[in-house]
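**Student:** Let me give you the structure first, and then I'll get to my questions.
Since every read-out is calculated from the coordinates, none of them should be taken as a lab result. The model shown is predicted, which means the values in this text are computed figures rather than measured ones. Counting neighbours? That spans all protein chains shown, and the Cβs are built from the backbone with ideal geometry, glycine included.
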Amino acid sequence: GDQLRPYRFVLEQAETVIIGGQPVQSLRYFIDRKSSRQLYYWLSPKLDYLVVKFKQLRKGKVKAEGVLTRSSINP
């Protein structure tokens, strides 16, 4: 609805994500929304914290997932 909801970003660990065949260092965050859905974002510090991957789970099953395939941002 029209209400603001507080989200808490919890840093979990550093991971490497492959983008266009190249390894990109990223930080995996769990987005705590106080919800039954689990949301994860991978942000790349070298790419100005661009989201390079995301994943949403519900009841342990992947409902949505995406990985950046290319970017015009140069590290």
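**Student:** How much FRET efficiency would the formula 1/(1 + (r/R0)^6) give for Lys55 and Gln25, where r is the Cβ-Cβ distance and R0 is 22 Å, rounded to 0.05?
**Tutor:** After rounding to 0.05, the efficiency reads 0.80.
**Student:** While we're on this one: Please return the longest range in the chain lying between exposed loop sites, taking trypsin sites (Lys or Arg not before Pro), DSSP loop only, at most 14 other beta-carbon atoms within 10 Å, and leaving the sites out.
**Tutor:** Excluding the exposed sites themselves, the longest stretch runs over 1-32.
**Student:** If we count every other residue with Cβ under 15 angstrom of Gly20's Cβ, Lys/Arg +1 and Asp/Glu -1, where does the sum land?
**Tutor:** Local charge sum for Gly20: +3.
**Student:** With a cut-off of 8 Å between alpha carbons and a minimum separation of six or more residues, what is the relative contact order of the chain in percent?
**Tutor:** 22 percent
**Student:** Here is a follow-up. For the chain, state the average projected area of the convex hull of the C-alpha atoms over all orientations, rounded to one decimal in nm².
**Tutor:** Mean projected area of the Cα convex hull: 6.1 nm².
**Student:** Show me the chymotrypsin sites (Phe, Trp or Tyr not before Pro) within the chain that DSSP assigns to loop and that have at most 16 other Cβ atoms within 10 Å of their Cβ.
**Tutor:** When the chymotrypsin sites (Phe, Trp or Tyr not before Pro) of the chain are filtered for loop state and at most 16 Cβ neighbours within 10 Å, Tyr7, Tyr49 remain.
**Student:** Quick check: pseudo-label points 7 Å beyond the Cα along Cα→Cβ at Thr69 and Asp2, how many nm apart are they?
**Tutor:** According to this spin-label approximation, the distance is 4.0 nm.
**Student:** Could you tell me the calculated FRET efficiency between Lys34 and Ala14, based on Cβ-Cβ distance and R0 = 30 angstrom, to the nearest 0.05?
**Tutor:** 0.70
**Student:** Each residue of the stretch 13-29 in order: what ³J(HN,Hα) in whole Hz does its phi give by Karplus 6.51 cos²θ - 1.76 cosθ + 1.60, θ = phi - 60°, with x for Gly and Pro?
**Tutor:** Coupling constants for the stretch 13-29: 5, 7, 9, 9, 10, 8, 10, x, x, 10, x, 10, 6, 9, 10, 8, 10 Hz.
**Student:** Let me ask another. For Val52, what residues show an amide H to amide H distance below 5 Å, using hydrogens built from the backbone and excluding near sequence neighbours?
**Tutor:** Long-range HN contacts for Val52: Trp42, Leu43, Ser44.
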